[in-house]
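Every read-out reported here was derived from the displayed coordinates using simple, explicitly stated rules and does not represent laboratory data. Here the structure is a predicted model, which means the values were calculated and not measured. So basically every Cβ, Gly included, is an ideal-geometry build from the backbone, and we count neighbours across all protein chains shown.
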Amino acid sequence: MNPPHDDMITWGKMLRKVPAIVRALPRVVRGMRAANITDPGQPCGLGWEFEQATLRNPDGNAVLYGDRVLSYADVNRQANRIAHHLHAQGIGKGDVVALFIENRPELLLCVLAVAKLGGICAMVNTAQTQATLVHSLNLVSPVAIVVGAELLGAYDAVRDQVPIQAERTWFVPDQSPAPLPEGYVDLIAASADCSQANPASTAQVFFNDPCFYIYTSGTTGLPKAGIMKHGRWTKTAVSFGRIALDMGPDDVLYCTLPLYHATGLCVCWGSAIVGASGFAIRRKFSASQFWDDARKFNATTLGYVGELCRYLLDQPPSENDRDNRVTKMVGNGLRPGVWAQFKARYGVAHICELYAASDGNIGFTNVLNFDNTIGFCLQHWALVDYAHDSGEPIRGSDGFMRKVQTGGQGLLLARIDDKSPFDGYTDPEKNRKVILTDVFEPGDRYFNTGDLLRSIGFGHAQFVDRLGDTYRWKGENVSTTEVENVLLQHPQIAEVVAYGVEIDNTNGRAGMVAITPSESLAALDMRELLQFAHGQLPPYAVPLFLRIKVQMETTGTFKYQKVRLKEEAFDPAKAGNDPVYAWLPGSDGYVPITGELLAQIQGGHFRY
C-alpha cells in the first residue's frame, strides 16, 4: 500500500532545504568529529565538557533559576568543592551516588561533582515513593545518597529499607539557612571550605565509564536502571548542542522537564554545556508563567515534550505570544496537529524533534527542520513486521525478520555494533530480553526498542506508538505490570489488567484498568480505591479509568485480551454490561461514565 502523499517528504521540500543544508555542513562535520571518540584514553564526558565550557566562557551565565544566576566559573567552583568533599568521604570512580532532588541548581551541582569523580549518578524519579522508591535505590546499590529538603518525607519513610550509612546520607537545603534534619549531613555546609580547583579525576574519565543510571519503566514491572556512559553522553550532547541546535554563548536553553530523565539531563543540559550556553530551569512546569520565564531568562531555545506544547496552546491567546527570543526547540512527542499551530503562534522557526531512549542505542534528530518527523539517523536501523497481539517481531520461513516497505509501520530495531554499542541495564536478564540475534543474517545483533515507527522516505521517520505492555503518559513510561502488581495488593481486587487508552486531543495514552472485584462491586469503595492507588503509585501511573468485569476474557493460551480492551477503551456503549468509571481532574474518587460524560471527556471539557 502506498503511503498518503502528505506523509512523504517530497523532493520539493528537500530542494528548498538545500541552502540550509549547505550552511549546516561545516558544523555537522565538526560535530561528528567531536562526537566520534575512539581513543580509550581520551578524557571525555560531562565533567570534562563542563570544564572546557568554563575555559571558553567563564563569566557567561551557566545556570539560571528564579532570581539566581550562576556563571560557568561559579558552577564549576561549587561543583569542585562538593567533589573534593565527596572524595574525602571515600567516593571515587565507579561508586554509585543516588540523587533525590527536584529541579534546582543544587541537583546540577551534585551531578557535576559526582561526574568529575567518575562516580555514577542514580537519577531517582522524584515522584517515586514507598516500594517503588525502595526498589529503585536498592537496584543499583548506592554507597551514598543526596536528598533534597523537599523530598525528606518520602526518603525518611523508606530509609530503614535502604542500606546507606548515615555519614554518607547528605542533605541539601532548599533555602538557606535551614535546620539540619537528624541523621543527615549538610552537603553544602560540609563542602564550603573545600578546594575550588578542578579535581584531577576529571581527566581520568573515559568514554566507556558509566555516568548515569536513568530509570525507565518496562514490561517487567518495577523500574529498570538504564546505563548511560560518558561516551554516549558526549555523543548526545554534541549531536544536539553542536549539530542540531548550533548552540553558542549567546544562547539560553529554558528547560522545565524533569532532570531525572535523559531529555532534560542529557539532551537539554548537554546541549547548553557544549555551546557554553545558559541553562535556565524551573522546579515544575507552569503553563501560565512559561513565556514570562522565557522572556525573563532571554531564552533562545526550549526543551519540550508534546504535552508541554499542548498545555501552552491551551492558554488564552495573548498579544505577547510572539514577544520572545525563542527560535529553536528540542524535545519529543509533538503531535502533527500541534506542530504547525505552535510554530505559527509563538514564532518558533526550528522544531528539533528527536527520538531516543535512555536505555537504547539509537537516536533520530530533525536536523533539517522538516515538519512532523523525528528526523533521520545515521546508525543502522530497520522497521520490521510484528505480531499485533503480542508486539513481537515476526520471522519468516527462512528464520529471518522482514522489513516493511517505505510508508509502512514497523517495529524499530537498532543494530548493535562498535559504533552503536548497547550500554544496557544493570540487570543482565533485562538485557537478554531486548537483544535479538540472527535478525537479517547469522550472527547479527539488534536492540528491540519496542516502538512502532513509520518510514516516510529520505531516511526520515515518524513515531507512531509504543508497543507491548508499556504506555506513555505525562512524559513518563508507565509499566502495566507495575500498576497491576500494586492494585492486586488491594483486598477487594481479585484480577487486574492495565493498559493505555487515548483521550482526544491529548498526548500519549492515559492509564486504564479492568478489574474483577474479589467480592462484589458494591463492596468496592471508589474513593478509597483512588486513595490507595495514589499512596502506592507515582501520580502519572494512577489509572484514570476503570472497567469492572465479572470475569476476564482470555485467549486460548490464557493471556488477557488487551487488544479488545484497548479498542473499547472507556466508552460505556462498547463495554456491554461492564460498568465504566473515570477519575475526573480535581475529584477525589471514580465516577460512572455516561454518554454525556464521555462526550465531555473527549470534547476537552476536562483538562488531562
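Taking Rh as the Kirkwood radius computed over C-alpha pairs, what is the Stokes-Einstein D of the chain at 37 °C in a medium of viscosity 0.692 mPa s, expressed in µm² per second? Don't skip to the answer; put the middle values down first.
Values: Rh = 25.4 Å.
So the translational diffusion coefficient is about 129 µm²/s.
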Checklist entry - Using a 4.7 Å Cβ cut-off, which Cys residues in the chain lack a partner cysteine? => result Cys44, Cys110, Cys121, Cys194, Cys211, Cys266, Cys309, Cys352, Cys377
Checklist outcome for this item: Square roots of five times the C-alpha gyration tensor eigenvalues of the stretch 470-602, ordered largest first and given in whole Å, equal 19, 17, 17
Checklist entry - Going by how many other beta carbons lie within 10 Å of each one, how would you line up Tyr581, Tyr346, fewest first? => result Tyr346, Tyr581
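Work out, step by step, the length gained on full extension between His534 and Glu441: first 0.36 nm times the residue separation, then minus their alpha carbon distance; give nm to one decimal. Mind showing how you got there, number by number?
Numbers: separation 93, 0.36 × 93 = 33.48 nm, distance 4.79 nm.
Here the segment from His534 to Glu441 would lengthen by 28.7 nm.
Between Val591 and Gln489, what FRET efficiency follows from the Cβ-Cβ distance if R0 is 22 Å, with the result rounded to 0.05? Before the final figure, lay out the partial values.
Details: r = 24 Å, r/R0 = 1.08.
So, using R0 = 22 Å, E works out to roughly 0.40.
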Next on the checklist: Expected output is a single nm value to one decimal: the length gained when fully extending between Gln204 and Gln52, i.e. 0.36 nm times separation in residues minus the C-alpha distance. What is it?
Outcome noted: 53.2 nm
Next on the checklist: Quick check: pseudo-label points 7 Å beyond the Cα along Cα→Cβ at Ala189 and Lys93, how many nm apart are they?
Outcome noted: 3.5 nm
Checklist entry - What ratio of Cα Rg to 2.2 N^0.38 Å holds for the stretch 36-359? => result 0.97
Checklist entry - What's the percent breakdown of Cα-Cα distances in the stretch 201-311 across 5 Å bins, shortest bin first? => result 2, 12, 19, 20, 20, 14, 8, 4, 1
Checklist entry - Where does the stretch 382-450 land on Rg/Rh, using Cα atoms and the Kirkwood Rh? => result 0.97
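Based on the Cβ-Cβ distance from Arg432 to Glu319, what FRET efficiency comes out when R0 is 51 Å, to the nearest 0.05? Please report the intermediate quantities before stating the final value.
Working: r = 57 Å, r/R0 = 1.12.
Step by step, r from the Cβ atoms, then E = 0.35.
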Checklist entry - Per residue, what volume in Å³ does the Cα convex hull of the stretch 241-392 take up? => result 131 Å³
Checklist outcome for this item: The answer for the net charge of residues other than Pro199 whose Cβ lies under 13 angstrom from its Cβ, with Lys and Arg +1 and Asp and Glu -1, is +3
Checklist entry - In what sequence do Asp418, Asp293, Asp371 fall when counting other Cβ within 10 Å, fewest first? => result Asp418, Asp371, Asp293
Next on the checklist: Run the numbers for Gln42 and Asp156: contour at 0.36 nm per residue of separation, minus the present Cα-Cα distance, in nm.
Outcome noted: 36.9 nm
Item to check | Simple label model, 7 Å out from Cα along Cβ direction - Asn138 to Ser397, nm | outcome: 5.2 nm
Checklist outcome for this item: One finds the C-alpha centres of the stretch 291-364 and the stretch 392-447 to be spaced, in Å, by 32 Å
Checklist entry - Between the DSSP loop rule and a limit of at most 11 other Cβ atoms within 10 Å, which GluC sites (Glu not before Pro) in the stretch 121-206 are left? => result Glu182
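Filter the cross-link list Lys235/Lys296; Lys284/Lys474; Lys549/Lys574; Lys403/Lys430 down to pairs whose alpha-carbon distance in this structure exceeds 22 Å.
Working: Lys235/Lys296 31 Å; Lys284/Lys474 13 Å; Lys549/Lys574 13 Å; Lys403/Lys430 25 Å.
In this structure, Lys235/Lys296; Lys403/Lys430 exceed 22 Å between Cα atoms.
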Item to check | Convex hull of the stretch 313-381 built on C-alpha atoms - directionally averaged projected area, nm² | outcome: 5.5 nm²
Checklist outcome for this item: When Val146, Val563 are arranged by how many other beta-carbons sit within 10 Å of their Cβ, fewest first, they go Val563, Val146
Next on the checklist: How long are the semi-axes of the equivalent ellipsoid of the stretch 302-423, defined as square roots of 5 times the Cα gyration tensor eigenvalues? Whole Å, largest first.
Outcome noted: 35, 16, 12
Checklist entry - Per residue of the chain, what 222 nm ellipticity follows from adding -39500 (n - 2.57) for every DSSP H run with n ≥ 4, rounded to the nearest 500? => result -8000 deg cm²/dmol
